Amino acid sequence: MKWSKLSLRFIWRQSFKPQNPDGHNNLGLAFLQTGDGQGAVAEFQAAIRLRSEDSGYIGNLGAAYLQIADFDSAMADFSKL
């Protein structure tokens, strides 16, 4: 089953609280798996704003930057690990 960005956001709004960094991270992973690197970046950034020291979120953000070919940002995030 292919998830659209709209359906993923609907699931997010129905299932998670905006203050939940794990919810943002999980939605970012879903976006990453469906090829929506921009959506993944936005969700990982939201997760990091809520829990800035989580190395998993930072690594996921780096992977999302790789997907959208923003290599400088990816390296900046990976260097934090």
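Bear in mind these aren't lab numbers, they're just calculated from the coordinates by the rules spelled out. The structure presented is a predicted model; accordingly, all values stated were derived computationally and were not measured. FYI the Cβ positions are ideal-geometry reconstructions off the backbone, even for glycines, and counts take in every protein chain you see.
If the segment from Ser73 to Ala42 were pulled out straight at 0.36 nm per residue, it would be longer than the present Cα-Cα gap by 9.8 nm. Once both labels are positioned 7 Å from their Cα atoms along Cα-to-Cβ, the gap between Thr34 and Asp22 label points is 2.2 nm. As a proxy for reagent exposure, ranking Ser55, Ser73 by other Cβ atoms within 10 Å from fewest up yields Ser55, Ser73.
Residue order for Phe78, Phe31, fewest other beta carbons within 10 angstrom first, comes to Phe78, Phe31. Among Tyr65, Tyr57, the order by Cβ neighbours within 10 angstrom, fewest to most, reads Tyr65, Tyr57.
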